[in-house]
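A.B. asks: This is the structure, below, for whatever I ask next.
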Amino acid sequence: MADSSDILAGLDPEQASAVTAPAGPLCILAGAGTGKTRAITHRIAHRVRSGEVRAGHVLAVTFTARAAAEMRARLGQLGADGVPARTFHSAALRQVRYFAPRLFAGREMPELLDSKARLVGLAATRAGLKTDRAAARDLAGEIEWAKASLVEPDDYAVAAAKALREPPFDAAKVGQVYAHYERIKRAQGVIDFEDMIRAAIWAIEEHEDVAAQIRSQYRHFVVDEYQDVNPMQQRLLDAWLGDRDDVTVVGDASQTIYSFTGASAAYLVGFKRRHPDARVVRLVRDYRSTPQVVGLANAVISRARGDLAKLRLELVGQRKPGPEPTVRVFADEPEEAAAVAARCADLIAAGTPPREIAVLFRVNAQSEVYQEALAEAGVPYVVHDAERFFDRAEIRQAMIALRVATRTAPGQEAALLDVVVQALEGVGWRPDAAPAGGAMRERWEAVAALVTLAEGMPGRSLEEFTEELSRRAALQHVPTVDGVTLSSLHSAKGLEWDAVFLVGLAEGTLPVIHARTPDAVEEERRLLYVGVTRARHTLWLSYAAARSPGGRARRPCRFLPALDPSRPATPAPKGTVAGRVKRVMAVSCRVCGTGLVNGVDRKLGRCSTCPSDLDEELLSRLVDWRARLAGVQKVPPFVIFTDVTLAAIAERRPARREELAVIAGIGPRKLGLYGDDVLALVGGTTVDNLVGVDG
């Protein structure tokens, strides 16, 4: 028997208990940031290396290609190569393709649809509906929910009513669209992703020889994110298992946020009932977030109600203390976005990489105002899940250029990085020509991610690099793009950042206005909990008192307990801190005395409507100084000071370091780096007389 004792090194007691649990049903309840992937990969590696199981007899399934790739990489590092780690879809696809000759009377597997959109549009027309792209997308979502829930077209209307669905059209009409969609698919000889999983189920349930072969191959199962399985996926898992019970599931009921797709945490909640002999291990030590963030997360979820609340975990922060989460209130959404963008610029200037910052919102429609604000501030950003990375036009063009380069430059002698950069320069990308911000910067950063990937593959040939890109494209294994992430809360699940901005936390947006049932409201609460637990260190929460200037007043999100004085404080669990948020008080206007909540006004120290005493000549010298210094330091000018900060200096004309330090955006670090120069400029010194601005 091989020694696997090193697998247990560095595990906490709960993780070790999960890793060493005997064969049989095991349920790991893992809170956010508690090391669930570590626990399950170490469990698999422990069993493989101890000789208890063979690597090829294990099947680990999860929900995203990124998570599956991470699991495979970790297993390889632990000496457990050869363990398949796949999504439900990819596992089913491999099995259906392999058994296709037996399942489809000697024919190959039917073509798999990439998108339902075209066929759903055609089906809607046959059902007498006029649809645009958005309506077709909503109809496709309803069909996917029905198929994932094992609901047939004739049963859709009744099932939708029982599930309290709000379909985009009359339920009976949606049922007709669903029926037409299925007929069109059959006539064209194609299948969709749900059909593929159904085919895998059918292959096992209706073909004894197929069932015997699959069950002989896969004997031990691990299911990640078990709170997100839907009825169809659970049926596939049951088919794989047969009458066996060697299955490990890991999940967190408090992170159940996909019920609209058919996902159900009922299987996680009911695991012990289905498997009375199951062991249950709870992971509660949070290694991701500071105790302050953990405390707020506990406070948010502590008021959860319903069946899922029975599995609620009280997290215990393990990191060093950090800043209190802050809640800011703004007059309207444009002001909120401008303040967020300015703070992002400050964080980047202080050394936080843009890729370690995220702005998270409830609905994708909120993204646009933040794109505009970040572009205005010259901050690079990337919109997460707006378009699949490898489907972006600039990435397709870059990959074509790289493939062409493999044919035009055989016998590569130069370093891979140099060859890649040269090929990309041929399609207009330049390593030293990053635009200031906005959509052009987003496109530049996307291509730059390919260059970064090449930088991490020294010694490889260009042909090997393009093969790696093709593999990643097939798996949607996206490289890291260096920009502030803009993402919906749903899309942020499973990700984490050093600094997180949770924005738009107002009633009607979170919880969203159509969350009318108690269960729907509870899911919105869990959505905020997921957002809070994405932050490692810095957490900003904000909302706008009105959607637009002069608009109707709104109330803050009901899930922020510290904002509701009628609610008692939540006691802090042992080892963490109370769920507090620091309310940021407004600065008073130095002209009229009005309280300031707008980020730009706070920096200037006056209302935008009050008269400005800006020293235009001083501002010109400050801008000139910043431009020269940025050239010497080879950084964008905003990294030194933003335009608003320079304007605030030119208005307030500080004479001492203490006066300079109170201007928002000038912290101790910048005061030390640039304070003397700025005070000299305010005192009348010309830029030419300053040392260091010209290198």
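A.B. asks: Starting from the 7 Å offset along Cα-to-Cβ, what nm value, one decimal, do you get for the label separation of Val521 and Ala135?
C.D. replies: Output for this residue pair reads 3.3 nm.
A.B. asks: Still on this structure, please answer the following. Hey, got a sec? Which GluC sites (Glu not before Pro) in the range 453-531 land in a DSSP loop and have at most 16 other Cβ atoms within 10 Å? Write down the numbers at each step before the final one.
C.D. replies: Values: sites: Glu455, Glu463, Glu464, Glu467, Glu468, Glu496, Glu507, Glu522, Glu523, Glu524; in loops: Glu496, Glu507.
Hits after loop and neighbour filter: Glu496, Glu507.
A.B. asks: Using DSSP to define loop residues, name the trypsin sites (Lys or Arg not before Pro) in the range 296-325 whose beta-carbon has at most 12 other beta-carbon atoms within 10 Å. Show your work: numbers first, answer last.
C.D. replies: Details: sites: Arg303, Arg305, Lys310, Arg312, Arg319; in loops: Arg303, Arg305, Arg312, Arg319.
Sparse-neighbourhood loop trypsin sites (Lys or Arg not before Pro): Arg305.
A.B. asks: Applying 1/(1 + (r/R0)^6) with R0 = 41 Å to the Cβ-Cβ distance of Glu616 and Asp482, what FRET efficiency is obtained, to the nearest 0.05?
C.D. replies: For Glu616 and Asp482, the calculated efficiency is 0.70.
A.B. asks: Work out from phi, with θ = phi - 60° and the Karplus expression 6.51 cos²θ - 1.76 cosθ + 1.60, the ³J(HN,Hα) of each residue of the range 21-33, listed in order in whole Hz, and give x for Gly and Pro.
C.D. replies: With the stated coefficients, the range 21-33 comes to 4, x, 4, x, x, 9, 10, 9, 8, 10, x, 4, x Hz.
A.B. asks: Would you mind calculating the relative contact order of the chain from Cα pairs under 8 angstrom and at least 6 residues apart, reporting the percent as a whole number? Each step should come with its number before you reach the end.
C.D. replies: On the way: 1179 pairs, mean separation 99.1, N = 695.
Contact order relative to length: 14 percent.
A.B. asks: In straight Cα distance, which aspartates and glutamates are under 19 Å from Lys173, not counting same-chain residues fewer than 8 positions off?
C.D. replies: Of all the aspartates and glutamates, those that pass the test against Lys173 - Cα under 19 Å, at least 8 places apart if same chain - are Asp132, Asp138, Glu142, Glu144, Glu152, Asp154, Asp155, Glu182.
A.B. asks: Could you please put Val96, Val421 in sequence from largest to smallest accessible area, using a 1.4 Å probe?
C.D. replies: Accessible-area ranking of Val96, Val421, largest first: Val421, Val96.
A.B. asks: Let me ask something additional. Within the range 100-163, report the trypsin sites (Lys or Arg not before Pro) that DSSP leaves as loop and that have at most 13 other Cβ atoms within 10 Å.
C.D. replies: On the way: sites: Arg102, Arg107, Lys116, Arg118, Arg126, Lys130, Arg133, Arg137, Lys147, Lys162; in loops: Arg107, Lys116, Lys130.
When the trypsin sites (Lys or Arg not before Pro) of the range 100-163 are filtered for loop state and at most 13 Cβ neighbours within 10 Å, Arg107, Lys130 remain.
A.B. asks: With the Cα gyration tensor of the range 290-420 giving a ≥ b ≥ c as the square roots of its eigenvalues, does the rule (a/c under 1.5 for rounded; else a/b larger than b/c for prolate; else oblate) give rounded, prolate or oblate?
C.D. replies: Working: a/c = 2.22, a/b = 1.82, b/c = 1.22.
It comes out prolate by the Cα gyration axes.
A.B. asks: Can I ask one more? Using a Förster radius of 25 Å, what is the FRET efficiency between Leu241 and Ala105 based on their Cβ-Cβ separation? Nearest 0.05, please. Walk me through the numbers on the way to the answer.
C.D. replies: On the way: r = 28 Å, r/R0 = 1.12.
Working from the Cβ atoms, E equals 0.35.
A.B. asks: Could you work out how much longer the chain between Gln77 and Asp498 gets when fully extended? Use 0.36 nm per residue separation minus the Cα distance between them, nm to one decimal. List each step's numbers first, then the result.
C.D. replies: Values: separation 421, 0.36 × 421 = 151.56 nm, distance 2.55 nm.
Between Gln77 and Asp498, full extension yields an extra 149.0 nm.
A.B. asks: At q = 0.09 Å⁻¹, what log₁₀ I(q)/I(0) does the chain have when each alpha carbon counts as one equal point scatterer in the Debye sum?
C.D. replies: Treating every Cα as an identical point scatterer, log10 I(q)/I(0) equals -0.93.
A.B. asks: Could you give the length gained by full extension between Ala211 and Gln422, i.e. 0.36 nm per residue of separation minus their alpha carbon distance, to one decimal place? Before the final figure, lay out each step's value.
C.D. replies: On the way: separation 211, 0.36 × 211 = 75.96 nm, distance 5.21 nm.
Result: 70.8 nm gained on full extension.
A.B. asks: Considering only protein heavy atoms, what per residue accessible area in square angstrom results for the chain with a 1.4 angstrom probe? Before the final figure, lay out the partial values.
C.D. replies: Working: 31160 Å² over 695 residues.
About 45 Å² of surface per residue is accessible.
A.B. asks: At what distance in nm do the modelled label points of Asp432 and Arg552 sit from each other, each positioned 7 Å from its Cα along Cα→Cβ?
C.D. replies: 5.5
A.B. asks: Could I ask something else about it? Per-residue ellipticity at 222 nm for the chain, helices alone: DSSP H runs ≥ 4 residues times -39500 (n - 2.57), over residue total, nearest 500 deg cm²/dmol?
C.D. replies: On the way: 28 runs with 318 residues, N = 695.
Helix-only estimate at 222 nm: -14000 deg cm²/dmol.
A.B. asks: Right, another one. Using a cut-off of 13 Å between beta-carbons, work out the net charge of the residues near Ile640 (Lys and Arg +1, Asp and Glu -1, Ile640 not included).
C.D. replies: Values: positive: Arg626, Arg628, Lys634, Arg669, Lys670; negative: Asp346, Asp624, Asp643, Asp677.
Around Ile640, the charge tally is +1.
A.B. asks: Is the shape of the range 123-270 rounded, prolate or oblate, going by the alpha carbon gyration tensor and its root eigenvalues a ≥ b ≥ c, with a/c under 1.5 for rounded and a/b larger than b/c for prolate?
C.D. replies: Working: a/c = 2.74, a/b = 1.53, b/c = 1.79.
Oblate, because a/c is 1.5 or more while a/b does not exceed b/c.
A.B. asks: Suppose every K and R has +1 on its Cβ and every D and E has -1 on its Cβ; what is the size of the dipole of the chain about the Cα centre, in Debye to the nearest 20?
C.D. replies: On the way: 90 positive and 87 negative charges, 329 e Å.
Using only the charged Cβ atoms, the result is roughly 1580 debye.
A.B. asks: Given the options Val293, Gly378, Pro323, identify the residue whose Cα lies farthest towards the positive end of the charge dipole of the range 264-384 (+1 on Cβ of Lys, Arg; -1 on Cβ of Asp, Glu).
C.D. replies: Val293
A.B. asks: How far, in nm, would the chain grow between Gln633 and Glu372 when pulled straight, counting 0.36 nm per residue and subtracting the alpha carbon separation? All intermediate terms of the calculation are to be shown ahead of the outcome.
C.D. replies: On the way: separation 261, 0.36 × 261 = 93.96 nm, distance 2.69 nm.
Result for the pair: 91.3 nm of gain on full extension.
A.B. asks: Which far-off residues, 5 or more places away or on another chain, put their amide H under 5 Å from the one on Ala544, with H placed in the peptide plane?
C.D. replies: For Ala544, the qualifying residues are Phe330, Gly504, Leu505.
A.B. asks: Roughly speaking, to the nearest percent, how much of the chain's 1.4 Å accessible area is carbon and sulfur? Spell out each step's value before the answer.
C.D. replies: Details: 15910 of 31160 Å².
Ligands and nucleic acids excluded, carbon and sulfur reach 51 percent.
A.B. asks: Here's a follow-up. Residues of the range 615-635 with amide nitrogen under 20 Å from the 7 Å Cα-to-Cβ point of Arg657?
C.D. replies: Inside the label zone: nothing.
A.B. asks: From the Cα gyration tensor of the range 119-188, with a ≥ b ≥ c the square roots of its eigenvalues, which class applies: rounded if a/c is under 1.5, or else prolate if a/b is larger than b/c, or else oblate? Write down the numbers at each step before the final one.
C.D. replies: Numbers: a/c = 1.73, a/b = 1.27, b/c = 1.37.
Here the range 119-188 falls in the oblate category.
A.B. asks: Using C-alpha positions alone, give me the convex hull volume of the range 1-68 per residue in cubic angstrom.
C.D. replies: Cα-based convex hull of the range 1-68, divided per residue, equals 107 Å³.
A.B. asks: Now, a different point. Given Cα pairs under 8 Å that are at least 6 residues apart, what percent is the relative contact order of the range 184-252? Numbers along the way, then the final one.
C.D. replies: Details: 52 pairs, mean separation 25.4, N = 69.
About 37 percent, as a whole number.
A.B. asks: Take Leu673 and Tyr287, extend 7 Å from each Cα along the Cα→Cβ direction, and tell me the distance between the two endpoints in nm.
C.D. replies: Distance between the two pseudo-spin positions: 3.2 nm.
A.B. asks: Report the relative contact order of the range 295-401, percent, no decimals, based on alpha-carbon pairs under 8 angstrom and at least 6 residues apart. The partial results should precede the final answer.
C.D. replies: On the way: 39 pairs, mean separation 23.8, N = 107.
Computed over the range 295-401, the figure is 22 percent.
A.B. asks: Follow-up question, since we're still on this one. Go through Leu164, Val280, Gly684 and say which Cα lies farthest out towards the positive end of the charge dipole of the chain; charges sit on Cβ, +1 for Lys and Arg, -1 for Asp and Glu.
C.D. replies: Most positive-ward Cα: Val280.
The values are calculated or read from the model by the stated rules, or taken from the named source; none is laboratory data. Note that the structure is a prediction, hence the values are computed from the model and not measured. As a convention, Cβ positions derive from the backbone with ideal geometry for all residues, glycine included, and neighbour counts pool all protein chains shown. Side chains are part of the model used for accessible areas, which takes the heavy atoms of the whole protein and leaves out ligands, DNA and RNA. Shrake-Rupley method; radii C 1.70, N 1.55, O 1.52, S 1.80 Å.
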